[in-house]
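First up is the structure itself, then whatever we jot down about it.
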Amino acid sequence: MSTEPRTGPSWSRRLLVGGIIVVAVLLGGLIASATIPRWWAQRIGDQVDGSIVAGTFIGLFYGFVFTALPLLVLAAVVRWRRTWRAIAMGIAFALLLAVPNLMTLGIVVGRGNAAHAGERILDVEAPAFRGASLVGALIALGMAAFVTYLLVSRGRARRAPTRLEERE
């Protein structure tokens, strides 16, 4: 057994590291908010290449797929959750899958110069993409709601006694 006094954690060092992390995250967010909307709009504009038909189909695809996949992940988490860590990982994965829709949403509702530049790029190079992306997301939400309704009503029907059983 040692009689030496036990030293605790160095709080000044932890505060310094925490402060550096906070500043780095804030600077990264500032840089990302100035560049990501333009970059995303240019990537979509390159895919659509000014075609209204392509903008519609690509928008429907992005809206549907990147809404349906996160909803499926969240449904799996709700169905088979085991620990808080698994729930947190599932939510993080669902958010990661929703990033394309979230970037488009950031352009549409954003108030900064980069969001306005992204809107102009999408208007010229990706016509109909924003509206079709919204429609695709709404279709995915509607389908998820319908499937949920079917599963819930099927479960209720299985648990409810049948009319023949009630008569007996």
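The values are calculated or read from the model by the stated rules, or taken from the named source; none is laboratory data. Just so it is clear, the structure is predicted and the values come from calculations on it, not from any experiment. Neighbour counts are summed over all protein chains in view; Cβ atoms, including those assigned to glycine, are modelled from backbone coordinates with ideal geometry.
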query = Just checking, which of Val22, Val65 is more than 29 Å from Gly131 (Cα to Cα) and assigned to a helix (DSSP H, G or I)?
reply = Val22
request  = State whether one or more residues within segment 75-85 are of a type in the set (Phe, Trp, Tyr), part of a helix (DSSP H, G or I) and at pLDDT 95 or above.
outcome  = no
request  = Search segment 64-89 for residues that are among the basic types (Lys, Arg) and pair each with any residue that is part of a helix (DSSP H, G or I) when their beta-carbon atoms are under 8 Å apart and the residues are at least 6 apart or on different chains.
outcome  = Arg81/Ile87; Arg81/Gly90
ask   = Residues Arg158, Arg167, Arg163: which one is under 22 Å from Arg79 (Cβ atoms) and either in contact with a Phe, Trp or Tyr (Cβ under 9 Å, 6 or more places away or on another chain) or at pLDDT below 85 (or both)?
value = Arg158
message = Test of understanding: among Gly18, Gly29, which residue is closer than 21 Å to Ala114 by Cβ and modelled with pLDDT under 95?
response = Gly29
message = Pull out all pairs, ordered by first then second residue, where Cβ-Cβ is under 8 Å, the residues are six or more apart or on different chains, the first lies in segment 103-119 and is in a helix (DSSP H, G or I), and the second is hydroxyl-bearing (Ser, Thr, Tyr).
response = Thr104/Tyr62; Thr104/Ser133; Ala114/Ser33; Ala114/Thr35
request  = Would you point out the residue of segment 16-47, among those that are in contact (Cβ under 8 Å) with a residue 40 or more places away in the chain and loosely packed, with under 13 Cβ neighbours inside 10 Å, that is farthest from the chain's Cα centre (by Cα)?
outcome  = Asp46
message = Given the criteria part of a helix (DSSP H, G or I), buried (at least 16 other Cβ atoms within 10 Å of the Cβ) and not acidic (Asp, Glu), does Leu96 qualify?
response = no
ask   = Within segment 65-82, can one find any residue that is polar (S, T, N, Q) and either surrounded by fewer than 16 Cβ atoms within 10 Å (Cβ to Cβ) or touching a Phe, Trp or Tyr at 6+ places or on another chain (Cβ under 9 Å) (or both)?
value = no
task = List the number of the failed condition for Gly50; all other conditions in (1) surrounded by 15 or more Cβ atoms within 10 Å (Cβ to Cβ); (2) on the phi > 0 side of the Ramachandran plot hold.
result = (1)
ask   = Looking at segment 143-165, is at least one residue assigned to a loop (DSSP other than H, G, I, E, B), acidic (Asp, Glu) and farther than 18 Å from Pro37 by Cβ?
value = no
